[in-house]
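Shown next, in structure tokens, is the structure this report addresses.
The values are calculated or read from the model by the stated rules, or taken from the named source; none is laboratory data. Everything numeric here is computed off the predicted structure, so don't read it as measured data. We place every Cβ from the backbone using ideal geometry, glycine too, and count neighbours over all the protein chains shown.
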Amino acid sequence: MSQLPADLIRAEATRLGSISFDRYLELALYSPQGFFNRGRGVGHDFRTSPHVGPLFGAIVARAIDREWRLLGEPDPFVVVEVGAGNGRLAKEVLRASPECAKALRYVLVEISDALRAEQHDHLSIEPPEEALGPCEIVDADGAPELVALTGPIVTSLSELPATSIEGIVLANELLDNLVFGLAEFDGEKFLEVRVGPNLEQMRVPLANPGAVEAFMALGDVHIDAGSTVPMPNGINSFFEEASRLLRRGSMILIDYCVEANELLNRGNGWLRTYREQVRGNDPFLFPGEVDITADVVVEHVEAAATACGFGRIERTSQASWLSDLGIHDLVEEGTRIWESKASNPDIGALEAKSRASQAAILLDQSSVASLGNFTVFTTSTTRRS
């Protein structure tokens, strides 16, 4: 039987003297008995936009179609959804019947074995070579012949595919769960926060002071002694891997984000835990039993994109992004469908009626944590000049 995360953390910290906060997160969240590998997370401990209803997936399908057309309608057209969970978003995207469906290869990337197993409840999962390789048949002479428009084909992997694609890298609420280092300001300088053999916090000089350089440069913001900031190691690694994967196309990344100034003004409230949709604060308690998450710093995302050759990255609110893609048109259409069948409604009519309530949640900007205030990052259609 696999060891519990707390035991793994203690053993490794004992052997090495201490471990980085990045490594602590890897073991707490993604080890065999870690939080996400025990089937926790989306739907259990927090809700994301796809869980509001099918409307979000229908809008994402429109975004996928828009990119497909901008690229000249390639076949195959590959969408790699990173942090795909149990496949709920992919299911709703395909259910919306995007125009690119016949060319579409949809790759779910999910590290959790438990969540990948759940994907089979929502989708027909094919072997990776079916989605990532050319579709061939044997002609009358026994020679392989390429076949076009064979999609949609869906496959699932535990990590990004080791190939290059033409299409989209998509991630909804992934960035906040990528591992990150932790640095604390002592009143004069930043120190790295590491984890000791008894899960205690240890502070050592930063091996790479440049990791918090952006915060040090914010001369107009007062940083209190004891304030902590994230070091975006996971975000940097993600963009490096995505840059190798995406030969031509774009990225669509959706998450709750803050600018560096705002994060500093929040004190240490940017680092928190969740379990069963109840928020906690101390990430050093109960490793493996709670989700540990953080506000994503806008400047970190933009810097990582630029460093990996993506050029300018655009950002907007989820509310604006959904509006631009026609969410209000879909709501109006749903209202018409409902009104035409209200006297004898079927499931389709009831679902159409629910679009208005789904849109209200997805577009809500009444609080900082409301879904409409999430940030949507998009890169240019062609990655490199």
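Consider GLU332 carefully, then state whether it is out of contact with any helix residue (DSSP H, G or I) (no Cβ under 8 Å at 6 or more places or on another chain), modelled with pLDDT under 95 and part of a helix (DSSP H, G or I).
no
Where the second residue is among the polar types (S, T, N, Q) and the first is in contact (Cβ under 8 Å) with a residue 40 or more places away in the chain and lies in the stretch 56-83, which pairs have Cβ atoms under 6 Å and are six or more apart or on separate chains?
PHE56/SER49; GLU67/SER250; LEU70/THR381
Take ILE292 and tell me if it is buried (at least 20 other Cβ atoms within 10 Å of the Cβ), at pLDDT 85 or above, within 30 Å of GLN33 (Cβ to Cβ) and β-branched (Val, Ile, Thr).
yes
Assuming ASN344 fulfils every condition listed in (1) assigned to a loop (DSSP other than H, G, I, E, B); (2) in the same structural domain as ASP65 (by TED's automatic domain parsing) apart from one, which condition is it?
Status for ASN344: all satisfied but (2).
With the requirement that a residue be of a type in the set (D, E, K, R) and either touching a residue at least 24 places away in the same chain (Cβ under 8 Å) or touching a Lys or Arg at 6+ places or on another chain (Cβ under 6 Å) (or both), what does the stretch 303-351 give you?
ARG312, GLU314, ARG315, GLU351
Would you be able to tell me the number of residues in the stretch 1-51 that are surrounded by fewer than 16 Cβ atoms within 10 Å (Cβ to Cβ), modelled with pLDDT of 90 or more and within 20 Å of GLU200 (Cα to Cα)?
6
So which residues in the stretch 281-311 are over 19 Å from the mean Cα position of the chain (by Cα) and among the hydrophobic types (A, V, I, L, M, F, W, C), if there are any at all?
PHE284, LEU285, PHE286, ALA307
Determine whether the stretch 227-240 contains at least one residue that is over 23 Å from the mean Cα position of the chain (by Cα) and either free of Cβ contacts under 8 Å to residues at least 12 places away in the same chain or surrounded by 13 or more Cβ atoms within 10 Å (Cβ to Cβ) (or both).
yes
Can you name the number of the only condition in (1) modelled with pLDDT of 90 or more; (2) surrounded by 13 or more Cβ atoms within 10 Å (Cβ to Cβ) that PRO127 fails?
Status for PRO127: all satisfied but (2).
Does ALA352 satisfy the criteria of being assigned to a helix (DSSP H, G or I), in contact with a helix residue (DSSP H, G or I) (Cβ under 9 Å, 6 or more places away or on another chain), surrounded by 20 or more Cβ atoms within 10 Å (Cβ to Cβ) and among the hydrophobic types (A, V, I, L, M, F, W, C)?
Judged against the criteria, ALA352 is a match.
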